[in-house]
Amino acid sequence: MGVLKILRAAASGDKQADRVVPPSGYTATLTGFSAAAMAFLAVFTLALALATGRLADRWSAELARTATVRISAPKGQMQAQTTAVLNVLKTTPGIKSARPLSDAEQRKLLAPWFGPDLPLDSLPIPRLIEVVEKDGGPDVEGLRLRLAAEAPGAIYDDHTRWRQPLVNAARRLRLLAGISMALIALATAAMITLAASAALAANATVISVLRLVGAKDTYIARAFVRRFTLRALGGAAVGTLLAMGAVLLLPSAAREGGFLTGLGFQGAEWILPLLIPFLAAFVSFWATRMAALRTLRGIS
Amino acid sequence: MIELASAAFTYGGGDILTDLNLSLPPGSFHFLTGPSGSGKTTLLRLCYMELLPTKGRVRVFKNDVAAMDRDQVALTRRRIGVVHQDCKFLDHLSVAENIALPLGVSGQNVTAQASNLIELLAWVGLEHHADALPQQLSGGERQRAALARAVIMSPDVIIADEPTGNIDWEMAIRLMQLLVELNRMGKTILIATHDLNLIRNVKAKTSARVLRLHNRHLQLAGADL
Ligand SMILES: Nc1ncnc2c1ncn2[C@@H]1O[C@H](COP(=O)(O)OP(=O)(O)OP(=O)(O)O)[C@@H](O)[C@H]1O
Ligand SMILES: [Mg+2]
């Protein structure tokens with residue numbers, strides 16, 4: 001059964017069927033509140049999943065396409081080795097371009113660590129060559145062997161060493177966020193089942209009267225299902241909107257560029273959290289229905 | 001309409017009813033009598049399928065109750081109107097809503113039946129109490145409301161458990177008159193009561209048979225009543 005169909009059935013469902021079960025004051029409030037809290041958590045988990053997913057994709061995509069050759073050589077040989085390396089790179093398939101960084105660029109790279117007044121000339125700083133790969137990159141092992149032969153001081157670094165753990169961490173984080181989402185859904189189902197069972201137990205007399213006047217189990221279940229589905233939908237909608245507001249107001253750390261870069265939703269992603277209330281309604285529809293039909297089988 | 005064949009029932013202690021045979025043909029009018037605690041209510045509960053016999057068979061509309069699934073039981077109950085000893089109303093619904101309850105649970109449009117409902121309320125003399133809550137009614141009013149609920153689906157069989165239990169003679173006679181009218185319309189009637197005067201009064205008007213529960217068995221009462 002589609003979510004929409006369920007929701008339509010739950011929302012339109014006959015009012016009369018709803019009235020046959022007396023209203024249940026504070027359990028209703030508690031169910032709504034729990035649904036709101038779960039939805040709030042779900043929105044942040046979703047934001048985390050999306051952000052880590054983006055991070056993993058970007059890191060692996062961007063870093064995969066660039067590499068660095070680092071040349072450490074005595075001052076006299078530096079120029080010769082640099083030329084040799086550039087020649088090797090030019091004739092290697094899978095390399096789009098290679099360009100030695102200028103002194104100014106190297107100074108800029110090192111400035112955060114050593115300050116702007118670095119005397120680059122008097123220090124044995126290795127020369128860096130920025131390499132842009134193409135078509136899945138070069139045959140790294142072969143390239144390393146050729147470099148070793150032509151320029152003993154050159155080391156080809158395709159960033160795998162420090163990229164892979166980061167990408168792994170981001171992927172793991174996304175997996176954990178996914179598991180958290182599933183746990184939130186299961187916890188919501190469990191919570192709704194408990195609340196529905198309590199409501200069913202509290203209304204045992206009402207249910208037995210309904211059975212005696214010829215009500216089918218599905219009719220009685222519907223009264224409870226409608227109630228809990230709407231409650232979960234309403235609560236989750238409130239929780240979702242609050243959480244989306246909070247994400248929206250999250251201070252942007254994009255420029256400073258820490259890990260938190262882009263925690264939040266981008267563009268069409270804003271539609272995803274809006275599905276959470278419907279997911280909550282769907283979960284509570286089935287949880288209540290199962291609980292109701294199971295309980296009803298025990299009443300003659 | 002309803003048949004018991006060597007039926008027995010126990011709540012877990014000793015047998016309340018043993019080797020019981022009963023057949024209610026269409027259009028018949030039966031009284032069920034017997035001392036308090038003899039098992040009248042229990043027998044009626046077997047008839048409307050709230051209980052299953054521990055031995056023997058109960059057949060309702062020719063179907064074995066033990067073989068029915070839950071939905072069949074629900075559908076069959078819509079053809080049997082029951083006035084319970086304790087009325088069994090939903091306390092949070094008004095009298096009119098309680099009377100209309102069988103319509104609602106069977107998926108009928110209650111508002112479309114509003115004129116029927118008003119007629120029925122007038123028939124049991126409760127037209128001014130439609131919006132009252134059940135607990136605001138007197139004992140006799142409750143039992144008339146219960147009768148109205150029992151007949152609203154225009155059932156084939158009407159079962160009443162002490163329908164005159166806590167009402168005065170005048171009112172009891174009126175209520176019995178309603179049941180006699182229903183029987184003349186072809187309904188099968190089964191009434192549990194220990195009020196022998198009431199039985200005599202009705203027997204004068206219609207051909208009712210009297211069954212007596214005694215020592216866990218059912219006997220047909222003689223002409224001494
Ligand atoms: N739910 C139950 N569990 C156990 N025993 C029960 C239950 N209901 C009734 N009984 C016992 O079964 C016996 C028959 O009860 P029942 O209610 O059928 O009698 P009755 O003839 O309707 O009495 P009354 O005239 O007072 O209404 C009684 O001894 C009663 O104590
Ligand atoms: Mg009784």
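The values are calculated or read from the model by the stated rules, or taken from the named source; none is laboratory data. Here the structure is a predicted model, which means the values were calculated and not measured. Quick reminder, even Gly has a Cβ in these numbers, built from the backbone with ideal geometry, and neighbours come from all protein chains shown. Accessible surface areas use protein heavy atoms only, side chains included; no ligands, DNA or RNA. Shrake-Rupley method; radii C 1.70, N 1.55, O 1.52, S 1.80 Å.
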Inter-chain shielding metric for B:102-108, i.e. average beta-carbon neighbours from other chains within 10 angstrom, reads 6
Here the tail fraction of P(r) beyond 39 Å, over all Cα-Cα pairs of the protein assembly as shown, rounds in percent to 53 percent
For B:Lys205, counting only aspartates and glutamates whose alpha-carbon sits under 20 Å away and dropping same-chain residues fewer than eight positions off, the answer is B:Glu162, B:Asp168, B:Glu170, B:Glu181, B:Asp195, B:Asp224
So, over other residues within a Cβ distance under 9 Å of A:Ala292, counting Lys, Arg +1 and Asp, Glu -1, the net charge is +2
Distance in Å, no decimals, from the C-alpha centre of segment A:263-300 to the one of segment B:147-225 is 52 Å
The size of the Cβ-based charge dipole (Lys, Arg +1; Asp, Glu -1) of segment A:73-152 about the Cα centre, to the nearest 20 debye, is 100 debye
Result row for chain A, helices from DSSP H with C-alpha axial extent 27 Å or more and mean Kyte hydropathy at least 0.0, is A:25-65, A:160-202, A:217-248, A:276-296
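Using a 1.4 Å probe on the protein chains only, how many percent of the accessible area of segment B:86-154 belongs to carbon and sulfur?
Exposed carbon and sulfur together represent 49 percent of the surface.
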With -39,500 (n - 2.57) per DSSP H segment of 4 or more residues and division by the full residue count of chain A, the 222 nm estimate, nearest 500 deg cm²/dmol, is -23000 deg cm²/dmol
Inverse of <1/r> over all distinct C-alpha pairs of segment B:1-126, i.e. the Kirkwood Rh in Å, gives 16.6 Å
In nanometres, the difference between 0.36 nm per residue of separation and the alpha-carbon distance of B:Asn116 and B:His92 is 6.4 nm
In the protein assembly as shown, taking the dipole from +1 charges on Lys and Arg beta carbons and -1 charges on Asp and Glu beta carbons about the Cα centre, the listed residue (A:Gly137, A:Ala198, B:Asn98) farthest towards the positive end is A:Gly137
With -39,500 (n - 2.57) per DSSP H segment of 4 or more residues and division by the full residue count of chain B, the 222 nm estimate, nearest 500 deg cm²/dmol, is -10000 deg cm²/dmol
Cross-link reach from A:Lys216 to lysines, straight Cα distance under 25 Å and at least 8 residues apart if same chain, gives A:Lys5, A:Lys15, B:Lys62, B:Lys88, B:Lys187
Chain A, Gaussian network, Cα under 10 Å: of A:Pro138, A:Pro74, A:Pro116, the residue fluctuating most is A:Pro116
Interface residues of segment B:127-171, defined as losing at least 10 Å² of accessible area versus the chain alone with a 1.4 Å probe, are B:Arg149
Segment A:212-226 and segment B:1-27 have their Cα centres apart by a whole-number Å value of 29 Å
Taking every C-alpha to C-alpha distance in segment A:73-152 and binning by 10 Å from 0, the per-bin percentages run 16, 43, 30, 11
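Hey, got the average number of other protein chain Cβ atoms within 10 angstrom for residues in B:69-77?
The mean count of partner-chain Cβ atoms within 10 Å per residue comes to 4.
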Per residue, accessible area of chain A with a 1.4 Å probe, heavy atoms of protein chains only, in Å², comes to 53 Å²
Looking only at lysines whose Cα falls under 27 Å of A:Lys90's and that sit 8 or more positions away or on another chain, we get A:Lys75, A:Lys108, A:Lys134
Answer in debye to the nearest 20: the dipole magnitude of chain A about its Cα centre, from +1 Lys/Arg and -1 Asp/Glu charges placed on Cβ, is 1320 debye
In the neighbourhood of A:Pro152 defined by beta carbon distances under 13 Å, the net charge of the other residues (Lys, Arg +1; Asp, Glu -1) is +2
Note on segment A:17-116: alpha-carbon gyration tensor, axes a ≥ b ≥ c; rule is a/c under 1.5 for rounded, else prolate if a/b larger than b/c, else oblate; result prolate
Here the tail fraction of P(r) beyond 22 Å, over all Cα-Cα pairs of segment A:36-176, rounds in percent to 53 percent
Farthest towards the positive end of the dipole of the protein assembly as shown, among A:Phe278, A:Ala148, A:Leu173 and with Cβ unit charges of +1 on Lys and Arg and -1 on Asp and Glu, lies the Cα of A:Ala148
For segment A:73-152, whose charge dipole is built from +1 on Lys and Arg Cβ atoms and -1 on Asp and Glu Cβ atoms, the candidate among A:Ala104, A:Pro124, A:Ala84 with its Cα farthest towards the positive end is A:Ala84
In Å, the C-alpha Rg and Dmax of chain A are 31.0, 103
The convex hull of the Cα atoms of segment B:86-154, divided by residue count, gives a volume in Å³ per residue of 79 Å³
Largest-first semi-axes in Å of the equivalent ellipsoid built from the Cα gyration tensor of chain B are 28, 21, 16
